[in-house]
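Shown next, in structure tokens, is the structure this report addresses.
The values are calculated or read from the model by the stated rules, or taken from the named source; none is laboratory data. Everything numeric here is computed off the predicted structure, so don't read it as measured data. In this analysis, Cβ positions are derived from the backbone assuming ideal geometry, glycine residues included, and neighbour counts consider all displayed protein chains.
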Amino acid sequence: MYICICHAVTEKDIQKAVGKGASSVARLSELTLLGTQCGCCTEHANQVLNQCASKS
Ligand code: FES
């Protein structure tokens, strides 16, 4: 499922970024460009990030 439509970032892309050590939306933005256009996705991205973090 797409989390960031502007940059076509999926939930899987976020999971991969977390696997590479991303622990904040700011770091996710650096790795994937997520949230760097309209910014609508950052809250949802944060939820996905927290889910990934709680699983690992
Ligand atoms: Fe992510 Fe627009 S949906 S920056």
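Is at least one residue of region 28-41 more than 13 Å from the ligand (Cβ to nearest atom), of a type in the set (G, A, S) and in contact with a helix residue (DSSP H, G or I) (Cβ under 9 Å, 6 or more places away or on another chain)? Quick ask: steps written out before the conclusion?
Restricting attention to region 28-41, the residues satisfying the condition of being more than 13 Å from the ligand (Cβ to nearest atom) are 30-31.
Filter again for of a type in the set (G, A, S), leaving none.
So far as region 28-41 goes, no, none of its residues is more than 13 Å from the ligand (Cβ to nearest atom), of a type in the set (G, A, S) and in contact with a helix residue (DSSP H, G or I) (Cβ under 9 Å, 6 or more places away or on another chain).
Conditions: (1) within 14 Å of the ligand (Cβ to nearest atom); (2) touching a residue at least 12 places away in the same chain (Cβ under 8 Å). V18 meets all but one. Number of the miss?
If we test V18 against (1) within 14 Å of the ligand (Cβ to nearest atom); (2) touching a residue at least 12 places away in the same chain (Cβ under 8 Å), just (1) comes out false.
When you look at S54, is it of a type in the set (G, A, S) and at pLDDT below 95, yes or no?
Details: of a type in the set (G, A, S): yes; at pLDDT below 95: yes.
Considered against the rule, which asks whether it is of a type in the set (G, A, S) and at pLDDT below 95, S54 comes out as yes.
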